[in-house]
Amino acid sequence: MALPVFLVGATDFKARWMHQVLIGGGVLVFLRAAAAYGGSALRARLPWLGAAAAALFALTLLARILSYAGNAESCRNCWEYQPWDAFAAEIRALGFEAGTIVVNDMYVGGNLRARFPRARVVADGYPLTIFPPEGEGGCLVVWRGRRSDMPPDLETYLRETLGVEAGRLGPALTLSAPLTGAPERAAMLHVAWGQAPETACR
């Protein structure tokens with residue numbers, strides 16, 4: 001991971017890129033301790049090493065809890081604070097319960113899949129063959145963003161892959177609910193839905 005820093009001047013790394021560093025780091029610490037202290041000496045120090053590891057874990061967990069509790073007021077994408085249960089309740093109130101959910105964001109799709117187990121989720125940009133076959137139900141299109149207009153790439157995917165003209169669905173609606181932990185801040189989700197029984201979006 002050091003190479004991008006020196007070769008191209010990288011200054012920002014995704015958190016998930018640190019997993020291999022953290023996992024390997026613990027192994028290297030104990031290997032270094034074994035080489036430095038030997039078998040019997042290392043066993044004598046194991047309680048101290050265990051206590052240090054436990055303290056580090058506790059501090060990390062506490063820092064994560066405090067970070068989560070205080071970040072809702074200032075977060076930008078706010079992935080962890082989206083009110084998915086409230087969004088799901090609003091979608092059900094519109095009349096959708098099962099069928100096909102079309103998204104252009106896998107994060108949105110995964111959260112809706114968990115709350116609509118009888119529906120299949122189809123993601124823009126992927127071939128239809130990798131998803132389960134269509135069932136019987138409505139055609140729900142969901143997207144995030146500041147604009148309530150359906151994104152052009154989503155309209156194209158609907159038309160060319162699923163055989164649905166966006167105009168056949170109902171008008172775009174904006175769902176709004178307070179962020180978890182920050183009731184004064186609103187999260188928005190845009191949806192359009194309707195019935196298209198003769199297409200692949202059902």
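Each value in this text was obtained by applying a stated rule to the coordinates, not by laboratory testing. Worth saying up front: this structure is predicted, and the values here are computed from it rather than measured. Here Cβ is always computed from backbone atoms with ideal geometry, including for glycine, and neighbour counts include all displayed protein chains.
Using θ = phi - 60° in the Karplus curve 6.51 cos²θ - 1.76 cosθ + 1.60, the 3J(HN,Hα) couplings for the range 145-151 round to x, 6, 8, 7, 5, 5, x Hz; x is entered for Gly and Pro. Using only Cα atoms, find the angle between the long axis of helix 106-115 and the longest principal axis of the chain, and express it within 0 to 90 degrees, rounded to the nearest 10. Taking Cα atoms only, the helix is inclined about 80 degrees. Calculated [222 nm] ellipticity per residue, helices only, for the chain: -14500 deg cm²/dmol; basis is -39500 (n - 2.57) per DSSP H run with n ≥ 4, divided by all residues, nearest 500. Sorted on the mean count of surrounding Cβ atoms within 10 Å across their residues, most packed first, peptides 64-71, 78-85, 118-125 read 118-125, 78-85, 64-71. Peptide packing: for 172-185, 49-62, the average count of neighbouring Cβ atoms within 10 Å per residue gives the ranking 172-185, 49-62, highest mean first.
A simple charge model with +1 on the Cβ of Lys and Arg, -1 on the Cβ of Asp and Glu and nothing else charged puts the dipole of the range 118-180 at about 260 debye relative to its Cα centre. Per-residue Cβ neighbour counts within 10 Å put Phe96, Phe30 in the sequence Phe30, Phe96, beginning with the fewest.
For Ala55 and Ala186, the difference between the fully extended length at 0.36 nm per residue and the C-alpha to C-alpha distance is 43.4 nm. With respect to the chain, whose longest principal axis is taken over its alpha-carbon atoms, helix 84-94 is tilted by about 10°.
Expressed in nm², what is the orientationally averaged projection area of the convex hull enclosing the Cα positions of the chain? Averaged projected area of the chain's Cα convex hull equals 16.8 nm². Under 5 Å between amide hydrogens, built in the peptide plane, is the criterion, and for Val102 it picks out Val122, Leu140, Val141, Val142 among residues at least 5 positions away or on other chains. Looking at the chain as a GNM with Cα springs under 10 Å, which of Val21, Val191, Val102 has the largest mean-square fluctuation? Highest fluctuation of the listed residues: Val21.
Per-peptide packing, taken as the mean over residues of other Cβ atoms within 10 Å, places 140-146, 126-132 in the sequence 140-146, 126-132 from highest down.
Go through Gly145, Val122, Pro132 and say which Cα lies farthest out towards the positive end of the charge dipole of the range 103-202; charges sit on Cβ, +1 for Lys and Arg, -1 for Asp and Glu. Farthest along the dipole direction, towards plus: Gly145. Relative to the longest principal axis of the Cα atoms of the chain, the long axis of helix 19-71 makes an angle of roughly 40 degrees.
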